[in-house]
Amino acid sequence: MATSNMPEKSLTMLEDMLGAESMAVKKYQFYAANCSDPNLKTVCEKAEQMHKKHFDTMFQYLNSYAAQSV
């Protein structure tokens with residue numbers, strides 16, 4: 001078991017990045033829900049999926065790091 005912790009600056013950066021990805025997901029959900037152009041709606045839905053994937057990847061990394069540190 002690793003006892004070292006992630007540096008505070010790295011944690012802060014990850015927190016900021018998770019917040020930005022979460023906000024992007026919410027924005028693209030809103031845009032897709034309020035878009036009347038089917039092509040633009042598809043673009044927004046794909047952007048939402050991409051940002052959700054980024055969020056999930058970072059969150060999984062953070063959780064795996066936390067599990068290793070225990």
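The values are calculated or read from the model by the stated rules, or taken from the named source; none is laboratory data. From a predicted model like this one, the values you see are computed outputs, not experimental measurements. Counting neighbours? That spans all protein chains shown, and the Cβs are built from the backbone with ideal geometry, glycine included. What goes into the accessible areas is simple: the full protein's heavy atoms, side chains included, and nothing from ligands, DNA or RNA. Shrake-Rupley method; radii C 1.70, N 1.55, O 1.52, S 1.80 Å.
Some observations on this one:
- Net charge, Glu45 excluded, C-beta distance under 14 Å - Lys, Arg +1, Asp, Glu -1: +4
- Per-atom-type breakdown for the chain gives carbon and sulfur 60% of the accessible area (1.4 Å probe, protein chains only).
- Relative to the current alpha-carbon distance between Met6 and Lys41, full extension at 0.36 nm per residue lengthens the span by 8.7 nm.
- Once semi-axes √(5λ) of the Cα gyration tensor in Å is calculated for the structure shown, the corresponding label among (i) 33, 11, 6; (ii) 25, 11, 9; (iii) 17, 14, 12 turns out to be (i).
- Between the helical axis of 38-69 and the longest alpha-carbon principal axis of the chain there is an angle of about 10 degrees.
- On Cα atoms only, tilt of 8-33 relative to the major axis of the chain in degrees: 20
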